[in-house]
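Q: Take a look at this one; I'll ask things after.
The values are calculated or read from the model by the stated rules, or taken from the named source; none is laboratory data. Note that the coordinates shown come from a computational prediction; the quantities given were computed from them, not determined experimentally. We place every Cβ from the backbone using ideal geometry, glycine too, and count neighbours over all the protein chains shown. Ligands, DNA and RNA are excluded from the accessible area calculation, which covers all protein heavy atoms including side chains. Shrake-Rupley method; radii C 1.70, N 1.55, O 1.52, S 1.80 Å.
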Amino acid sequence: MTSTLRVLTGITTTGTPHLGNYVGAIRPTVRASRQPGTQSFLFLADYHALIKCDDPARVQRSTLEIAASWLAAGLDPEQVTFYRQSDIPEIPELTWLLTCVTGKGLLNRAHAYKAVLDKNAAAGVDADTDVTAGLFMYPVLMAADILMFNANVVPVGRDQVQHIEMARDMAASFNHLYGEHLTLPEAGIDDNVALLPGLDGRKMSKSYDNVIALFGPSEQLRRQILSIVTDSRAPGEPKSTEGSALFQIYRAFASNEETAAFAQAFAQGIAWGDAKQQLFERIEREIGPMRERYQHLMAYPEEVERLLLAGASKARAVATPFLRELRQAAGLRPLTAQLAARAENKPAKQELPSFKQYRESDGRFYFKLTGPDGAVLLQSLGFESPREAGQIVKRLQTEGPQALPALATHLDSGASAPAQAVDEALTRLHEALKA
Ligand code: TRP
């Protein structure tokens, strides 16, 4: 593996990018992708889109809009690996390999899934209402996205941190079973990245319907900025920058000096209309030149398509051989050479003595310890409940032969093998379980 840091992130293709996405994700990611020593993987998560959107036209349009936005914002597809998730068939294939090493209980704890269960409980409807298996499996697909490319760092918002932890868990399970193949990723959270307020002062988000479009026509940008909520202070009255959405949005685009000058204008009573005009001009200065490229790409989707397909080949140059390695590790392999390889590496598992629990016709619960050949080594007396029998078995397994004296009253000494054979069998079992 390379010594460079691999940074990977995905964007679900259900919406149209807004100014908050630009400040919070697009701009910092494009900048980070230019850092020497990092290798960026950036993709359009259209399989994830299907989990929450069943409108095909919307998924397609969003994929184009998001791709065009990133490219217009300066993403260099020569420098990064920029691709569409559904162009990489290795990702759903890895999803299955991971599915088989993931506890259902782990997925039960996913926040996004639990949120729907809570909502259903509150509404008094069936717990599984509106829960597709896709929603339940979301974290596994996301883990496959990340582990497919051995990403070291995944820049995400705080709401996604649990998914990165789950990806680590899945990678660790796979490695534990099949050898060290997968890299354990870390979540990269940048607390310096601005959380942009929307028109109403709450966090800018499609779900609050308070967004400013990123690459709408400039007239629309002006209109939306004019509708930012302010207090009712008149021109000439000093204005507070504290809690002002207008000021915070300005700061996300301006240099420190520009921001200081803007704050001074507030103190000196700038009219809200003038402040809005300044904000519009400042944003337009950064976004305007990008808008032209965006509009061009939207008009010529074949250019975007071509770039994405080239990105997919680059991504598959990594994914195809790596998936072959993972399949091989899990036992999906040609039937010829590999059988021999396994016999060399791993001696056949030695058969161990084992405990068996059962119920007799007297209604009582028993256990016995039998050797690999089936011979009875230890025979218990009857217990009232399977739990009592189980507890004694557990003690013999965890403590080994030294537990025997204390448990003698529960054992049928007449039906058990000589003490030395019992000691030996329990010791072997105890060692094997410890390993
Ligand atoms: N779940 C992410 C989101 O909604 C999108 C995503 C899908 C992603 N796969 C990923 C992000 C892999 C990072 C890495 O924001």
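Q: Over 30 Å between Cα atoms, which of K114/K206; K104/K434; K119/K206; K203/K314; K119/K203; K206/K314 qualify?
A: On the way: K114/K206 22 Å; K104/K434 26 Å; K119/K206 20 Å; K203/K314 36 Å; K119/K203 22 Å; K206/K314 33 Å.
In this structure, K203/K314; K206/K314 lie more than 30 Å apart at Cα.
Q: Here's something else I'd like to know. Ordering T16, T99 by accessible area with a probe of 1.4 Å, largest first, what comes out?
A: T16, T99
Q: Just to verify a number: FRET efficiency for R293 and V125, C-beta to C-beta distance, R0 = 56 Å, to 0.05?
A: It comes to 0.75.
Q: What accessible area, in Å² to the nearest ten, does a 1.4 Å probe give for T129?
A: The accessible area comes out at roughly 50 Å².
Q: If you don't mind, there's one more thing I want to ask. Grab the Cα-Cα distance for L335 and T38, subtract it from 0.36 nm times how many residues apart they are, and report the gain in nm with one decimal.
A: 103.0 nm
Q: Would you calculate the convex hull of the Cα atoms in the chain and tell me its volume per residue in Å³? All intermediate terms of the calculation are to be shown ahead of the outcome.
A: Values: hull volume 102.5 nm³, N = 435.
About 236 Å³ per residue, rounded to a whole number.
Q: Counting only protein heavy atoms and using a 1.4 Å probe, what share of the accessible area of the chain belongs to carbon plus sulfur, as a whole percent?
A: Values: 12170 of 23100 Å².
With neighbouring chains kept in place, the figure for the chain is 53 percent.
Q: Still on this structure, I have one more. Straight-line reach only, C-alpha to C-alpha below 16 angstrom: list the aspartates and glutamates that K239 could link to, leaving out same-chain residues fewer than 8 apart.
A: K239 reaches D231, D274.
Q: Hey, what's the Cα Rg ratio for the range 354-434 versus the globular rule of thumb, 2.2 N^0.38 Å?
A: The range 354-434 yields a ratio of 1.01.
Q: Return, ordered by residue number, the residues of the range 184-228 whose backbone nitrogen is under 20 Å from a label point located 7 Å along Cα→Cβ of Q277.
A: Once the point is set 7 Å along Cα→Cβ of Q277, 218-228 turn out to lie under 20 Å by backbone N, inside the range 184-228.
Q: Simple spin-label model, 7 Å along Cα-to-Cβ: L226 to K203 in nm?
A: Distance between the two pseudo-spin positions: 3.1 nm.
Q: Full extension from T99 to E186: what is 0.36 nm times the residue separation minus their Cα-Cα distance, to one decimal in nm?
A: Numbers: separation 87, 0.36 × 87 = 31.32 nm, distance 2.04 nm.
In short, 29.3 nm is gained.
Q: Could you tell me how many degrees, from 0 to 90 and to the nearest 10, lie between the Cα long axis of helix 56-72 and the main elongation axis, the longest principal axis, of the Cα atoms of the chain?
A: 70 degrees
Q: Here is a further query. Please report, in whole Å³, the volume per residue of the convex hull around the C-alpha atoms of the range 62-217. Mind showing how you got there, number by number?
A: Values: hull volume 25.3 nm³, N = 156.
Dividing the Cα hull volume of the range 62-217 by its residue count gives 162 Å³.
Q: Tell me, what is the percent relative contact order of the range 354-434, built from C-alpha pairs under 8 Å that lie six or more residues apart?
A: Dividing the mean separation by the residue count of the range 354-434 yields 28 percent.
Q: Quick check on the range 215-288: take the gyration tensor over C-alpha atoms, sort the square-rooted eigenvalues as a ≥ b ≥ c, and tell me if it's rounded (a/c under 1.5), prolate or oblate.
A: Here the range 215-288 falls in the oblate category.
Q: Under a point spin-label approximation (7 Å from Cα along Cα-to-Cβ), what is the L135-Q402 distance to one decimal in nm?
A: 5.2 nm
Q: With r as the distance between the Cβ atoms of T320 and Q60 and R0 = 22 Å, compute the FRET efficiency 1/(1 + (r/R0)^6) and round to 0.05.
A: So the FRET efficiency works out to roughly 0.25.
Q: Now for a different question. Please give, to one decimal in nm, the separation of the simple spin-label points placed at E219 and L352, each 7 Å out from Cα toward the Cβ.
A: Distance between label points: 7.7 nm.
Q: Normalised by the residues of the range 215-288, what does the relative contact order come to in percent, with Cα pairs under 8 Å and at least six apart?
A: About 43 percent, as a whole number.
Q: Say R0 is 60 Å: what FRET efficiency, to the nearest 0.05, do K114 and S413 get from their beta-carbon distance?
A: Step by step, r from the Cβ atoms, then E = 0.70.
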